[in-house]
1. Search the structure for amide H atoms under 5 Å from the amide H of residue 157, placed 1.01 Å from N in the peptide plane, and list their residues when 5 or more places away or on another chain.
2. Could you give the accessible area per residue of the chain, probe 1.4 Å, as a whole number in Å²?
3. Ignoring ligands, DNA and RNA, please state the percent of accessible area on the chain from carbon and sulfur, probe 1.4 Å.
4. Among 152, 194, 67, whose mean-square fluctuation peaks in a Gaussian network model of the chain (Cα, cutoff 10 Å)?
5. What is the calculated FRET efficiency for residue 45 to residue 79, with r their C-beta to C-beta distance and R₀ = 41 Å, to the nearest 0.05?
6. Once fully extended, how much extra length lies between residue 137 and residue 118, figured as 0.36 nm per residue of separation less the alpha-carbon to alpha-carbon distance?
7. Rounded to two decimals, what is the ratio between the C-alpha radius of gyration of the stretch 1-121 and 2.2 N^0.38 Å?
8. Residue farthest toward the positive end of the dipole of the chain, with Cβ of Lys/Arg at +1 and Asp/Glu at -1: which of 130, 209, 48?
Amino acid sequence: MGARRPREPLSRERALAAAIELVDAEGLAALTMRRLAAGLGVEAMSLYYHLPGKEGLLDGLVEAVIAEIEAAAEVADATAAGDDWRTRLRQRFLAARAVMLRHPWAPGLLGSRPTVPSGVYTYYDQIIATLRDGGFSYRIAHRALHAFGSLALGFAQEVFRPAAAGGATDVEVAEAELAAMAERLPHLTAMVAAEAHDADDPTLGWCDSQIEFEFTLDLLFDGLERARG
């Protein structure tokens, strides 16, 4: 009879990986310290050594997602090495988008945290470096960051976030309310009807499809090109 394989020790990284797997499968509402501990085969109190409570756990999830975006951006940068600023940024932002599509709960969670993960600063520093390499001044780079907003992290920030993006808005209810106001809002109703998303177009929310995301990026890049002169 062979020796029993030792159980992998609990670590912050292991706990966060398990938390992401759980949330990807069942959503943020399913995540509790007790549920996570059970999945890891440990006592709930053991988690507190690595993650100080539910808020610490949520902060850890955000940090893990940002780290995933940074890693994806590094691969994108290497692939686009030697290309112009526009291609490099486009590949970086689309790499971030791919991460968000894997974790559709992440946009809503990112917007809810009271602190900024340190990895975000590193990520944006590289965006500024790319713009500087492309001939932009720091002033225009600063304005570009404002224009990019959350697009740089792979999603379009919505004022009212649907449940798919980690928020609380029920998309079907919102659309039903809009339909009820169709007579008073003819143009908004017609636009929504015309812009029904293709089933094959990945979305992160009510109004955050891949086609819209890339359209907005290209529009911003065109404007930056003109601003550079």
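1. Placed amide hydrogens put 150, 151 under 5 Å from residue 157.
2. The answer is 58 Å² per residue.
3. The nonpolar share, carbon plus sulfur, comes to 56 percent.
4. 194
5. 0.40
6. Details: separation 19, 0.36 × 19 = 6.84 nm, distance 2.43 nm.
Length gained, residue 137 through residue 118: 4.4 nm.
7. Rg over 2.2 N^0.38 Å, computed on Cα atoms: 1.26.
8. 48
The values are calculated or read from the model by the stated rules, or taken from the named source; none is laboratory data. Quick caveat: nothing in here was measured; it's all calculated off a predicted structure. A quick note on method: Cβ atoms are made from the backbone with ideal geometry, for glycine too, and the neighbour counts reach across all protein chains shown. Ligands, DNA and RNA are stripped out before the accessible areas are found, and what is left, the full protein with its side chains, is counted by its heavy atoms. Shrake-Rupley method; radii C 1.70, N 1.55, O 1.52, S 1.80 Å.
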